[in-house]
1. From I42, I46, I6, grab the single residue that is farther than 22 Å from L205 by Cβ, open to solvent by 20 Å² or more (accessible area, probe 1.4 Å) and aliphatic (A, V, I, L, M).
2. Taking the stretch 89-105 on its own, how many of its residues are open to solvent by less than 90 Å² (accessible area, probe 1.4 Å) and more than 25 Å from L173 (Cβ to Cβ)?
3. Evaluate the following for Y497: is it closer than 30 Å to G572 by Cβ, in contact with a helix residue (DSSP H, G or I) (Cβ under 6 Å, 6 or more places away or on another chain), open to solvent by less than 60 Å² (accessible area, probe 1.4 Å) and at pLDDT below 80?
4. Only one of these is open to solvent by 60 Å² or more (accessible area, probe 1.4 Å) and out of contact with any strand residue (DSSP E or B) (no Cβ under 7 Å at 6 or more places or on another chain): P189, P156. Name it.
5. The conditions are (1) modelled with pLDDT of 80 or more; (2) farther than 30 Å from L44 by Cα; (3) open to solvent by 50 Å² or more (accessible area, probe 1.4 Å); (4) not polar (S, T, N, Q), and I330 fails exactly one of them. Which is it?
6. Scan the stretch 461-469 and give yes if some residue there is surrounded by 13 or more Cβ atoms within 10 Å (Cβ to Cβ) and either modelled with pLDDT of 75 or more or among the aromatic types (F, W, Y) (or both), otherwise no.
7. What are the residue pairs meeting all of these: first residue in the stretch 264-281, first residue closer than 19 Å to V50 by Cα, second residue open to solvent by 80 Å² or more (accessible area, probe 1.4 Å) and not in a helix (DSSP H, G or I), Cβ atoms under 8 Å, and 6 or more apart or on different chains?
8. So I418 ticks every box in (1) in contact (Cβ under 8 Å) with a residue 12 or more places away in the chain; (2) under 18 Å from N406 (Cβ atoms); (3) in a helix (DSSP H, G or I); (4) of a type in the set (A, V, I, L, M, F, W, C) but one. Which box is left unticked?
Amino acid sequence: MEHFLINSSTCLFVLWLFYKLVLENTSWHQWKRYYLLASILIALAIPFIVVKTIVIPIENGPMIDFATSTVVTEIVAQQQLQLDWKSMIWAIYGIGVFIMLWRFIKNLRAFRIQEQDEVSPYSQYQLILRNTFTVPHSFLQRIFVSKKQYEQNLIPTAVLEHEKAHLDQKHSLDILFIEMLLILFWFNPLLYIIRFSIKLNHEFLADKAVIDQGMDTVAYQTTLLNYTQHSHSAALANTFNFPIIKKRFHIMKTQTSQASLIFRSLALIPILALLTISCGKEETEFQEIEEILEIEEVVDNSHKTEIIEVYEVLENLTPEHIEEYNKLAIKHQKYMDENKSLIVFKDETQHMQTIFHSMSEDQQSSNQPWPYLGRGNNLKAGQIPPPPPPAPSAIEYINKHKNELNYYLREDQITADIAIKIIKEVGQAGVEISPDDKGVMSIKILETEHNKEKLPPPPPPRKTKTVSEKEFAIYNDWAKKINEQNKAAKQTGNNEYAIIKLKDFEQYKSIYDKMNASQKSDAQPLPTIPPPPAPLNQQGYIKVDEKIYFYTTKTGDQNLYDRKGNVIEIKGKKVTQIDPNDLPPPPPPANESQQLSNKELEEYNWLLNRHKEFLKNEKRIVVFKADTNRMIYLYNSMSLEQRSKNQAWHYLYKVNKEKAAKILPPLVQ
C-alpha cells in the first residue's frame, strides 16, 4: 500500500506540474481536459506496471523446519502501554471516508427540484428558478438561477449560454469522477489541486464556446466582471462566477499554434517513460524445480528432541545500534539481490541478529525489514540460514558411488581399489571430486607439496607408437581404396559400399592404432565397417541413433524401408534392434487441422534438449514442474507431419519405464 500511495502521488504531482508549466496557458482546452483526466488514471496505473522481474530459480530439498523450533529470548524490560497504531490509522481513514461521503450525498441532494422551485425549458435543458438568491450554476441537465433576477431580466443571455456550454460538454461527469476519488483518497492534497485545475479548464471551455457563437469578447468580459461580487457556489456545480477572472481574460485572447501543440506533447513522452521506470513495480519470481527423488524416511517416535534457540541481546539498545542494524540489513539485502543467493557474513550477520532481537516489536516494524524474509525459505524474522552440511569425504563419496566413478592418479586412470588404498595411506589432501574430460564424476588424486613424497612414483614413459614406412604405405593404399568406394556409394545412394573382411579390418586397424599423432594426421582415416544387411523378407523395429523406425525389407535388396517406403539412412549411425515389447506407448492421435507455429516448434525442441542434457549428466529421471507439462502439451498439439519430423518426449524415460509411468504427468488430450 505504501508503494502505491507514494508512487501514484509522485506521478500525479509530476503530471500536474507539467500541465501547470507547459499546457495551462495554451488555447487547447479540450486536449487539456482529456490530459487532466488521463493523468489521474495514469498515476493510479503506473505503480501496478511491472517494469522489472527478478527470476530466482530454487530447488526443492530437505530443509530444517523452523516452525517446530522454540525461540527463547530473555529480555528484561519495563512493560509499557503500546498503542495499536495500525488500527488507529484505519479508524481515522474510515472517519474521513464517512465525512467525505456524507458531504458528497449532501451536495447531490442540493440539486433536487424543490417544491418552491419553478421549472422552465431552456434549449434541451431544464431551467430551475429558485426563490432564494443563487449565483447561476449548472449540473447534469439543469441550470439553476435566481427567480427574481430572471423575471427582472437581470441575467444576461451570455450567462445562460455559458452554463449551457457546461451542460453541452458534460463537465458534470468530470466533477463527479474527481469527487468520488476524493471520497477514497481524501487525505491526498494533490487531488484537491487537480480538481481546481479541472474546474478552471471547464471555465476556459465554456468561455470559448460563448465567444465562438459570435459574442464580442469585451462585452462578454464586462458581463463576467458584473458577477464577480458573489462567491458562493455549490461544490459539485459548474458556475459562471468561477475565480481567477484575470486569468480567464488572458486565456480568451490566447491562440496557440498547432506546431507548438505537437512539440509540447512530444515532451511528455520521456516524462511518462521516466515515471514508469521510476515508479513501476518490481516483482520477484521464484521458479521452482521439482526433482523426483527416492527418499526413505525413518521416524523414531521413542526419541524426541526439542530444539531451543537462545539469542543474545544487548543490555542497553541505543539509536546508534538501530542505525547500525539498518546499514547491515541494507548491505545483506543488496548483496543477496545482486547474487541471487543467501549469504551470511562471519561476524556482521550475528551482530545484526543480536541488535534485531534487542529491539521492541514497534522498532522492528519501523526499521529495515529482516533481509532473509521472502527468499524462498522458511526463515522467520530474526533467523539466519543454517550452515551448509559438511562436504562428504572422498572415502564416503566412493562408498556411495563406487561403480559410477572414474579414478585417476595424477593423469593416469587407476582402479577403485588402488585409489581407496592410496587415499587411506596418504589422506584427503590433494583429492578432488569433479567430472573428467568425458563428463563422468571422478576421484582425482593430485600431486601437491604435502603428498608428493607419499604418492606412488609415476609409471615410466610409454614407448612412442610408430609404424614403418612400408606398413604406412600398405595401410594408406588400402584405406584410400575403401574410403573412395564408400564415399561414392554414399553420394549416389546405390548402397554399394566396400565389403571388408573382418580379418583384414582388424589387421589394418592394428597398424592404424600403432601410428603416432604425426602419422595419423598424414594417413587416410580408418574406414568404418558398413552395417550388416537386414534379414530378407523380415520386418520389425530398429533404433537409428535416438530415433525409432518400423522397417521392412525387399527381396534382393539390402536397404531398410520405413512405413512410407523411404530408405532409412543407417550409414555411419548407431543401429540397434528393438523388441516390440520395449517400445514406448504410442502418442494419442493428432488432429490434422492443428499445427504448431515455427516459434512453438523451436520452444518444444529447446525443452526437449534441456531434458535430454539433464538426463545425460544426472543419470536419473527428472520432471521440471512447468517445463515438462509444456513440452507434452506442445507435442500433443503437433500435426502428424510435425510429429514425424521431431523427436517424441517418450524416449527420455525408457531406462525405467515402470517408474516413469508413475511419476510423469498424463498426456494432455
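1. Going through I42, I46, I6 in turn, just one is farther than 22 Å from L205 by Cβ, open to solvent by 20 Å² or more (accessible area, probe 1.4 Å) and aliphatic (A, V, I, L, M): I6.
2. 3
3. Considered against the rule, which asks whether it is closer than 30 Å to G572 by Cβ, in contact with a helix residue (DSSP H, G or I) (Cβ under 6 Å, 6 or more places away or on another chain), open to solvent by less than 60 Å² (accessible area, probe 1.4 Å) and at pLDDT below 80, Y497 comes out as yes.
4. Exactly one of P189, P156 is open to solvent by 60 Å² or more (accessible area, probe 1.4 Å) and out of contact with any strand residue (DSSP E or B) (no Cβ under 7 Å at 6 or more places or on another chain), namely P189.
5. With (1) modelled with pLDDT of 80 or more; (2) farther than 30 Å from L44 by Cα; (3) open to solvent by 50 Å² or more (accessible area, probe 1.4 Å); (4) not polar (S, T, N, Q) applied to I330, the lone miss is (2).
6. So in the stretch 461-469, the residues surrounded by 13 or more Cβ atoms within 10 Å (Cβ to Cβ) come out as 467.
Subset that is either modelled with pLDDT of 75 or more or among the aromatic types (F, W, Y) (or both): 467.
The answer is yes, given that some residue of the stretch 461-469 is surrounded by 13 or more Cβ atoms within 10 Å (Cβ to Cβ) and either modelled with pLDDT of 75 or more or among the aromatic types (F, W, Y) (or both).
7. That search, which allows pairs on different chains as well, returns G280/K52.
8. (1)
The values are calculated or read from the model by the stated rules, or taken from the named source; none is laboratory data. Since we're looking at a predicted model, the values are computed, not measured. Don't worry about glycine lacking a Cβ; one is built from the backbone with ideal geometry, like all the others, and counts go over all protein chains shown. In case anyone asks, the SASA skips ligands and DNA or RNA and just uses the protein heavy atoms, side chains included. Shrake-Rupley method; radii C 1.70, N 1.55, O 1.52, S 1.80 Å.
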